[in-house]
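Notes for the one structure printed next.
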Amino acid sequence: MRQHEFAPPGGAHRRRRRVGRGYGSGRGKTSGAGTKGQKARSGGRVPPYFEGGQLPLVRKLPYRRGFNNPFRVEYQVVNVGQLEKLDAGSEVSPETMRAAGLVRKKALPVKVLGSGSLTKKLTVQVHAFSKSARAAIEAAGGTAVELQRA
């Protein structure tokens, strides 16, 4: 077998349709583009979002842009400085925080952030801690226990 004998198997390639080559070809005159109008001209297509000059939906609804992460976890935030209100040596849970007025909603998980200072030894049991909050609680002699989210 020689190089000039190589060919694709039968039926693997279709011949290119040559338009505008006379009536006999079946694709003469308008070459399958119909008559007149933008779509009959060369380069004459409109993008899929084009609405004929009407104000496009994309511009009508600017508030629809962006992305909402369905897996985002929304926390109720409590700062370390707010824990100073609570009694020294006590166990702090979302329920005790709610009783003390630090958080409001029962359904949302609680996260402790590191703003403020803590001098009391507390056992804090919440759903999440920032690094600085965990460090501040442990520096005051307390412990930081992470609860499982429901």
Q: Note down the magnitude of the dipole of region 1-114 about its Cα centre, charges +1 on Lys and Arg C-beta and -1 on Asp and Glu C-beta and zero elsewhere, to the nearest 20 debye.
A: 1780 debye
Q.
Cross-link candidates for LYS111: which lysines have Cα within less than 16 Å, leaving aside residues fewer than 8 places away along the same chain?
A. LYS131
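Taking other Cβ within 10 Å of each residue's Cβ, how do THR119, THR30 sort, fewest first? Intermediate values should be presented prior to the final figure.
Details: THR119 9, THR30 12.
By the 10 Å Cβ count, ascending: THR119, THR30.
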Q: Mind listing the long-range amide H neighbours of ASN79? Cut-off is under 5 Å, sequence gap 5 or more, other chains count too, H placed in the peptide plane at 1.01 Å from N.
A: LEU113
Q) Under 26 Å from the Cα of LYS29, which lysines turn up, not counting those fewer than eight places away in the same chain? A) LYS39
**Q.** ³J(HN,Hα), Karplus 6.51/-1.76/1.60, whole Hz, each residue of region 112-125, x for Gly, Pro
**A.** 9, 10, x, 6, x, 10, 10, 10, 8, 7, 10, 9, 9, 10
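Under the rule a/c < 1.5 gives rounded, and otherwise a/b versus b/c splits prolate from oblate, where does region 1-76 land using the Cα gyration tensor? Show your work: numbers first, answer last.
Values: a/c = 6.03, a/b = 1.60, b/c = 3.76.
Judged from the Cα gyration tensor, region 1-76 comes out oblate (a/c at least 1.5, b/c at or above a/b).
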Q. Along each of its three principal axes, how wide is the spread of alpha-carbon positions in the chain, in whole angstrom units, largest first?
A. 98, 58, 25
Q.
Give me the percent relative contact order of the chain, please, defined on Cα pairs under 8 angstrom at least 6 residues apart.
A. 15 percent
Q) Taking the Cα centre of the chain as the origin and placing charges on Cβ (Lys, Arg +1; Asp, Glu -1), which of PHE67, ALA107, GLY142 is farthest toward the positive end of the dipole? A) PHE67
Q. What residues have an amide H closer than 5 Å to that of GLY142, excluding those fewer than 5 places away on the same chain, when H is modeled at 1.01 Å from N in the peptide plane?
A. LEU122
Q) If you plug each phi of region 14-28 into the Karplus form 6.51 cos²θ - 1.76 cosθ + 1.60 with θ = phi - 60°, what whole-Hz ³J(HN,Hα) values come out, in order, with x for Gly and Pro? A) 9, 6, 5, 7, 9, 9, x, 10, x, 4, x, 6, x, 10, x
(Q) Treating only the Cα positions of region 76-146 as identical point scatterers, give the base-10 log of I(q)/I(0) from the Debye formula at each q in 0.14, 0.19, 0.21 Å⁻¹. (A) -0.32, -0.62, -0.77
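Where in region 97-134 are there trypsin sites (Lys or Arg not before Pro) that are in a DSSP coil and have at most 14 other Cβ atoms within 10 angstrom of their Cβ?
Values: sites: ARG98, ARG104, LYS105, LYS106, LYS111, LYS120, LYS121, LYS131, ARG134; in loops: ARG104, LYS105, LYS106, LYS120, LYS121.
Qualifying residues, ordered by number: ARG104, LYS105, LYS106, LYS121.
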(Q) Using 0.36 nm times the number of residues separating ARG104 and ARG2, minus their current alpha carbon distance, what extension gain do you get? (A) 28.4 nm
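Can you figure out the FRET efficiency of ASP87 with SER130, using R₀ = 25 Å and their beta-carbon distance, to the nearest 0.05?
Numbers: r = 23 Å, r/R0 = 0.93.
The value I calculate is 0.60.
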Q) What is the distance, in nm, between label points placed 7 Å from the Cα along the Cα-to-Cβ direction at ARG18 and at GLU51? A) 4.5 nm
Q) In debye, nearest 20: dipole of region 76-146 around its Cα centre with unit charges on the Cβ of K, R (+) and D, E (-)? A) 260 debye
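For the chain, what does the helix formula give at 222 nm: sum of -39500 (n - 2.57) over DSSP H segments with n ≥ 4, over the residue count, nearest 500 deg cm²/dmol? Don't jump to the answer; show the numbers that get you there.
Working: 3 runs with 20 residues, N = 150.
It comes out at -3000 deg cm²/dmol, rounded to the nearest 500.
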Q | Interchain or long-range residues, amide H under 5 Å from GLN125's placed H | A | VAL92, SER93, VAL145
Q. Does anything in region 4-21 have its amide N under 16 Å from the 7 Å Cα→Cβ label point of ALA40, and if so which residues?
A. 20
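Laboratory data are not the source of any read-out in this text; all were calculated from the coordinates shown. The structure displayed is predicted, hence computed values, not measured ones. Heads up, the Cβs are rebuilt from the backbone with ideal geometry, glycines too, and the neighbour counts pull from every protein chain shown.
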